[in-house]
Amino acid sequence: MKNANLLPIKKCIVIGSNCFSGSHLVDTLLSDGHYQVVGLSRSKEKKDFYLPYKINVNADRLFRFQQLDLNKNAGDLISFLEKEHPQIVVNFAALSEVDLSNLEPVEYFDTNCRAVVQLCNYLRTAEYLEKYIHISSAEIYGPCDQYIAESAPLRPSTPYAVSKAAADLYLLTLWKNFDFPVTLIRSTNVYGKHQQLYKIIPRAIIYLKKGGKIELHGGGNSIKSFIHIRDVARGILKVLQQDKPKPIYHFSTNNDLTIRRIVEMICKKMGRPFQSSVTITEERLGQDSRYLLDSALARKELGWQPVENFEKGVEETIDWVESLWHEIRGESLTYQHKI
């Protein structure tokens with residue numbers, strides 16, 4: 001068995017390092033200590049309280065940031081990759097707000113599909129590349145009433161889901177036809193501290209602190225299976241440590257709760273009455289009722305399993321909002337769309 005301290009340091013480029021999931025993977029890779037990480041994003045780095053890697057002890061030594069747009073600077077990105085020769089590329093970059101995809105489908109296909117095809121058509125001939133990890137979505141399966149494996153048929157029901165499914169299908173043709181070293185990661189709903197404030201858990205916490213009312217679309221009856229982002233990041237690290245990983249892995253838990261139940265939990269933990277803290281609104285267009293992913297393959301082949309307790313994760317998020325309230329209170333709680 002190899003001594004972990006003697007393993008070579010590999011260069012990993014994380015596209016979308018500014019996003020919630022991407023920033024947590026950066027933090028996990030830096031903590032592991034065997035990766036030199038370059039974060040890429042179309043925007044400048046976010047404020048420090050959104051980026052967990054900012055306080056990582058290895059950040060100064062093993063991390064740097066580069067601003068590049070996957071769409072607008074495709075040529076510059078390829079030139080950058082040619083210069084850096086990363087052994088690993090992880091791509092989190094995506095437009096993911098489902099509602100907006102109904103109104104701006106062209107932008108969604110540009111980012112979630114066309115840009116992926118352009119990038120990976122180049123990477124498939126890059127001899128330096130050892131692994132390409134692509135962050136997919138559970139939504140490509142459509143609503144599920146039972147746990148499904150990685151081989152389940154795709155039934156996307158929104159332009160967002162269709163754009164993600166199209167990219168996945170293209171990447172799998174590269175895997176089949178050219179032995180492209182791709183692994184698709186599909187997880188259920190992620191959560192945790194540092195998350196975008198318009199997401200349901202941090203938004204509910206902030207609304208309660210401000211004395212506002214939390215909107216429950218369709219009464220909050222849609223069922224979500226939440227998984228802590230640290231569990232997903234650890235799963236991706238497990239994939240990177242495999243010599244020949246499978247082309248698709250699911251990361252999921254059995255934390256199946258309605259949005260209503262989650263908001264009730266948050267109200268209870270913050271000492272606020274549920275009935276007077278919520279308002280019922282219409283269901284969102286194209287909202288799938290439930291996603292159930294079977295993660296048996298990841299558990300068996302990667303030795304992975306989720307370890308984060310959901311209630312403790314919610315409490316940790318509440319504590320994060322409380323501790324940074326002087327900064328968070330002035331932040332927007334709505335998604336800011338950028339072209």
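Odds and ends about this structure:
- All conditions but one from (1) within 21 Å of the chain's Cα centre (by Cα); (2) modelled with pLDDT of 95 or more apply to Ser43; the one that does not is (2).
- For Tyr291, the conditions (1) surrounded by 14 or more Cβ atoms within 10 Å (Cβ to Cβ); (2) over 17 Å from the mean Cα position of the chain (by Cα) all hold with the exception of (2).
- Those residues of the range 203-244 which are among the aliphatic types (A, V, I, L, M) and outside any helix (DSSP H, G or I), in sequence order: Ile214, Leu216, Ile223, Ile227
- Close Cβ contacts (under 6 Å, 6 or more residues apart or on different chains) running from residues in the range 140-167 that are in a helix (DSSP H, G or I) to residues that are of a type in the set (Lys, Arg) and crowded, with 17+ Cβ neighbours inside 10 Å comprise Ile140/Lys164.
- Exactly one residue out of Asn18, Asn112 is part of a loop (DSSP other than H, G, I, E, B), touching a Lys or Arg at 6+ places or on another chain (Cβ under 7 Å) and polar (S, T, N, Q), and it is Asn18.
- One residue stands out in the range 289-318 among those that are free of Cβ contacts under 8 Å to residues at least 24 places away in the same chain and in a helix (DSSP H, G or I): the one that is nearest to Cys144 (Cα to Cα), namely Arg299.
- Qualifying residue in the range 66-73 (condition: in contact (Cβ under 8 Å) with a residue 24 or more places away in the chain, in a helix (DSSP H, G or I) and either surrounded by fewer than 22 Cβ atoms within 10 Å (Cβ to Cβ) or among the small types (Gly, Ala, Ser) (or both)): no
- Unmet criterion (only one of (1) on the phi > 0 side of the Ramachandran plot; (2) under 22 Å from the mean Cα position of the chain (by Cα)) for Tyr170: (1)
- Per-region count, the range 250-267, residues in contact with a Phe, Trp or Tyr (Cβ under 8 Å, 6 or more places away or on another chain) and closer than 20 Å to Leu297 by Cβ: 3
- Tyr128 meets each of the listed conditions (1) in contact with a His (Cβ under 7 Å, 6 or more places away or on another chain); (2) closer than 27 Å to Lys338 by Cβ apart from (2).
- Subset tally (residues that are assigned to a helix (DSSP H, G or I) and either buried (at least 21 other Cβ atoms within 10 Å of the Cβ) or in contact with a strand residue (DSSP E or B) (Cβ under 8 Å, 6 or more places away or on another chain) (or both)) for the range 168-181: 5
- Test: Leu184 is of a type in the set (A, V, I, L, M), outside any helix (DSSP H, G or I) and within 28 Å of Ser225 (Cβ to Cβ): yes
- Among the residues listed as Ile259, Ile248, the single one being at pLDDT 95 or above and either in contact with a Ser or Thr (Cβ under 9 Å, 6 or more places away or on another chain) or among the hydrophobic types (A, V, I, L, M, F, W, C) (or both): Ile248
The values are calculated or read from the model by the stated rules, or taken from the named source; none is laboratory data. Just so we're clear, the structure is a prediction, and the values are computed from it rather than from any experiment. All Cβ positions, even for glycine, are placed from backbone atoms using ideal geometry, and neighbour counts span all protein chains on display.
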